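Colleague: Let me begin by handing over the structure; questions about it come next.
The values are calculated or read from the model by the stated rules, or taken from the named source; none is laboratory data. What you see is a predicted model, and the numbers here were worked out from it, not measured in a lab. Here the Cβ positions follow ideal geometry from the backbone for every residue, glycine too, while neighbour counts run over all protein chains shown. Just the protein is used for accessible areas: all its heavy atoms, side chains included, with ligands, DNA and RNA removed. Shrake-Rupley method; radii C 1.70, N 1.55, O 1.52, S 1.80 Å.
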Amino acid sequence: MHSYFSRSVLAGCAAVLSMAFAEKPALASPDWPSLTAPAAPAVKKSPAAGLSDAALVVGIEDYAFVSKIDGAALNASDWWSYLREGRGLDRKSLALLRNREATREKMLAEARRVASAVKPGGTLWFVFIGHGVASKDGEEGLLVGMDAQGEADSLDARSVRQSELEAVFRASKAARVVMLVDSCFSGKTPSGQELAHGLQALVRKSELKPTNRLIKMTAGRADQFAGPLPGAARPAFSYLILGALRGWGDANEDGKVTAQEAVNYADEVLTALVKDRRQTPELIAFGADRDISLSDSALEAGPDIDAMILSGAAGASAAGDLTAAEKALAEKRQREAEAVYQEALKFDKGDGVPKDRAKALALFKQAAEKGHLKATHAVGVGYFNGRKGVAKDQTEAAMWWRRGADRGYAKSQDALGLCYKNGYGVTKDEAKGCQWFEKAAEQRSRDALFNLGVCYFEGQGREKDEAKGLALFQEAFEMGSEEAAFNLGIAYNNGRGTAQDVAKGLRIWTDAAERGNVQTQAALGAVYYNGKMSGRFAQKPDQAKAAYWLEKSWNGGNILTSGLLLGFMLVQGAPGVPADVKKGVEIMEKVAASEVKPTRRENDSQQSGAIASSQAMLAAIYCEGKVQPIQQDNAKCRRFLERAAELGQEDAQRFLGLAYLGGELGFPRDREKAVYWLQKAADQGNEKAKADLKKALDGK
């Protein structure tokens, strides 16, 4: 329940934050002043006070696995500039964490550092702009770290409790602590409906009580959303409080802004302009602390709110209309992003320039940061596969695909679905994987239609419905899906989701194979080799046809699926297939040297099994030296035997155990290692290994 709720809350908050502005540059609209430049007239520095202060500012716009918050990083940067330039804080006492920097560990580490840096009499500032979510017990709001996944356990483990931070700050020498939290902890939609029946977000048993020396400003009540600034793609509360401290919130015009004045200003603006939600900022502080000045000589005039009301700025939040200037800026950014993307493709493919995958990835990232969705997806592909100069990193891949998926890019949605379905770089969650497949399938993604079909056909992440799965396979097949052709053949052969029709299944495979489908070519090779299709007799074995289709698939690049059986046939020879030991061994060595790169039809364990089996066969060939013209080679024997055993091939585990037991094949005599590997094989049900293990333990 908590998992579904946590995902829903984050999605709901993000929906409000991104409403009508998903493609909009993270810049203030013409009606809202920029806070990046120094205040005009400048906020007067108080060197003595500023040098006693310390601050931590956190802004997370691009989360790895949960929805984006437009403008969060920009707001954080503006806060840092204000504290540094406007208040005179020393750089050593001022920390800024944005996006990928803002993990739980980093936030706590920097909180401790700035807490130790604040001097007696100084103010310790903490600003957080990002997602919030309720703790499991519903008693406390968590500040979500950038790498938290959308499940309750991950959110709890990868987020920071506000009480943790408060404990760190209270232990400091600061005269006061000012905390600003621009997050939402709501469990309801903007219209007030529950996200899921019976669920709530932050449910406090009692009202928050003020704490000595702590001034805490929050973006809204526990049952509300913290949304965007009307007419601009950036969080409202942290923007308005910063503006208030620069002078906008000086209600009594005494040149000073108290905490109460700042929160009152944000509340008044939100009440006047926001029409699509209720957001009531809160101030938690003792009465005396509420009236302490947080900003002296705050002289900047704020925007004309009355004029904005009359001009309909509030409606802009709901309508999402872009001004001509904003449209021009957005179009310029798109052109720049496309140019960088095309340059990246050149280096990725070696088109007119030396192939340089690392440089290509760097350029893809540049284009992605400008909002280019194809580039965003390409970055994920680069990290998932790993390339020369680029380390393989499935977690990083999932992060980039999440960015594209959140913006509706079907390929990224499908790829992220595979990550969740198989646990690549994220916590395995088949139901969530199927949800992403469905989103992409709604856009007529061929691969997603196939993957969603698997969800229903196998009952993985969805209630099993073979007929529905078969219908999705058929749709994907008609769009040219190789995987769907394979699964349709299996379905008709076994009568799953339809009446059994072995001939039709074989015909589908044959038609697809003749069109160059390497997967069905390999499958046909296996059918002709043993005369069976998924355990049922489809026709008489035909070794020559088996070799023909296997070689077709091999030449088409389908190394793992076709290579093991083709290599074996060439080493052994078969009716109509002359033996070619050298070629067969070369093929098996290529299979053995392959990396696991899961396809939509094969997972890690299936591919590891093919690799391990090839290594075991090669070990037998090199250990015995009986297959001419291959000579015995104990070094290769040991290498392949150890690799196969490590990948879980039970015969290899047994023979490796025996080799250690007897000190054979160049292995040292080692009873402990012998027992270890024999036990491994026995645990897989290998009866011979069980007998060997008993003898080894009995000392025979």
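Colleague: Which condition does Pro541 not pass, out of (1) touching a residue at least 12 places away in the same chain (Cβ under 8 Å); (2) part of a helix (DSSP H, G or I), if it passes all the others?
Modeller: All conditions are met except number (2).
Colleague: Continuing with this model, one more query. Identify, please: which residue in region 374-403 is surrounded by 24 or more Cβ atoms within 10 Å (Cβ to Cβ) and among the small types (Gly, Ala, Ser) and is, among those, farthest from Ser594 (Cα to Cα)?
Modeller: Ala375
Colleague: I'd like to check something: does region 404-412 contain any residue that is polar (S, T, N, Q), closer than 30 Å to Cys455 by Cβ, buried (at least 18 other Cβ atoms within 10 Å of the Cβ) and in contact with a Lys or Arg (Cβ under 7 Å, 6 or more places away or on another chain)?
Modeller: no
Colleague: Within region 209-223, take every residue that is within 14 Å of Thr280 (Cβ to Cβ) and open to solvent by 10 Å² or more (accessible area, probe 1.4 Å) and give me the one that is modelled with the highest pLDDT.
Modeller: Let us first name the residues in region 209-223 that are within 14 Å of Thr280 (Cβ to Cβ), namely 217-223.
Of the ones still in play, those that are also open to solvent by 10 Å² or more (accessible area, probe 1.4 Å) are 218, 220-223.
Numbers: Thr218: 94, Gly220: 87, Arg221: 80, Ala222: 75, Asp223: 71.
For region 209-223, the residue satisfying everything is Thr218.
Colleague: Pairs needed: first member in region 233-245, closer than 13 Å to Ala219 by Cα and in a strand (DSSP E or B); second member anywhere, modelled with pLDDT of 95 or more and not acidic (Asp, Glu); C-beta distance under 8 Å; at least 6 residues apart or different chains.
Modeller: Cβ pairs passing all conditions: Pro235/Ile129.
Colleague: Looking only at region 246-277, count every residue that is in contact with a strand residue (DSSP E or B) (Cβ under 8 Å, 6 or more places away or on another chain), in a loop (DSSP other than H, G, I, E, B) and charged (D, E, K, R) and tell me the total.
Modeller: Residues flagged as in contact with a strand residue (DSSP E or B) (Cβ under 8 Å, 6 or more places away or on another chain), in a loop (DSSP other than H, G, I, E, B) and charged (D, E, K, R) within region 246-277 amount to 1.
Colleague: Test each condition in (1) open to solvent by less than 30 Å² (accessible area, probe 1.4 Å); (2) assigned to a helix (DSSP H, G or I); (3) modelled with pLDDT under 90 for Leu51 and report the one that comes out false.
Modeller: Tallying (1) open to solvent by less than 30 Å² (accessible area, probe 1.4 Å); (2) assigned to a helix (DSSP H, G or I); (3) modelled with pLDDT under 90, Leu51 fails exactly one: (1).
Colleague: Okay, next question. When you scan region 87-105, do you find a residue that is under 20 Å from the mean Cα position of the chain (by Cα) and in a loop (DSSP other than H, G, I, E, B), even just one? Please lay out each step first, then the result.
Modeller: Restricting attention to region 87-105, the residues satisfying the condition of being under 20 Å from the mean Cα position of the chain (by Cα) are 97-105.
Now restrict to residues that are in a loop (DSSP other than H, G, I, E, B): 102-103.
Among the residues of region 87-105, at least one is under 20 Å from the mean Cα position of the chain (by Cα) and in a loop (DSSP other than H, G, I, E, B), which makes the answer yes.
Colleague: While we're here: Could you tell me whether any residue of region 234-248 is among the polar types (S, T, N, Q), surrounded by fewer than 24 Cβ atoms within 10 Å (Cβ to Cβ), under 22 Å from Leu214 (Cβ atoms) and in contact with a Leu (Cβ under 8 Å, 6 or more places away or on another chain)?
Modeller: no
Colleague: Which ones in region 160-188 are at pLDDT 90 or above, open to solvent by 20 Å² or more (accessible area, probe 1.4 Å) and part of a strand (DSSP E or B)?
Modeller: Listed by number, the residues that qualify are Arg161, Arg176.
Colleague: Give me a count of the residues in region 428-444 that are open to solvent by less than 20 Å² (accessible area, probe 1.4 Å) and not in a helix (DSSP H, G or I).
Modeller: Counting residues in region 428-444 that are open to solvent by less than 20 Å² (accessible area, probe 1.4 Å) and not in a helix (DSSP H, G or I) gives 0.
Colleague: From Thr561, Thr510, which residue is assigned to a helix (DSSP H, G or I), surrounded by 15 or more Cβ atoms within 10 Å (Cβ to Cβ), out of contact with any Gly (no Cβ under 8 Å at 6 or more places or on another chain) and without any contact (Cβ under 8 Å) to a residue 24 or more places away in the chain?
Modeller: Thr510
Colleague: Can I ask one more? Which condition breaks for Asp447 when tested against (1) open to solvent by 30 Å² or more (accessible area, probe 1.4 Å); (2) outside any helix (DSSP H, G or I); (3) of a type outside the set (S, T, N, Q)?
Modeller: Result: Asp447 passes all but (2).
Colleague: Is it fair to say Gly371 is open to solvent by less than 60 Å² (accessible area, probe 1.4 Å) and either more than 18 Å from the chain's Cα centre (by Cα) or in contact (Cβ under 8 Å) with a residue 60 or more places away in the chain (or both)?
Modeller: Against the criterion (open to solvent by less than 60 Å² (accessible area, probe 1.4 Å) and either more than 18 Å from the chain's Cα centre (by Cα) or in contact (Cβ under 8 Å) with a residue 60 or more places away in the chain (or both)), Gly371 qualifies.
Colleague: Within the set of pairs 6+ apart or on separate chains, which have a first residue in region 286-304 that is over 16 Å from Leu83 (Cβ atoms), a second that is aliphatic (A, V, I, L, M), and C-beta atoms under 6 Å apart?
Modeller: Sorted first by the residue in region 286-304, then by its partner, the pairs are Asp289/Ile215; Arg290/Ala259.
Colleague: Still on this model: Checking the conditions here, which among Phe128, Phe169 is in contact (Cβ under 8 Å) with a residue 60 or more places away in the chain and not aliphatic (A, V, I, L, M)?
Modeller: Phe128
Colleague: May I ask you to list the residues in region 463-507 that are outside any helix (DSSP H, G or I), in contact with a Leu (Cβ under 8 Å, 6 or more places away or on another chain) and open to solvent by 20 Å² or more (accessible area, probe 1.4 Å)?
Modeller: Met479, Arg496, Gly497, Thr498
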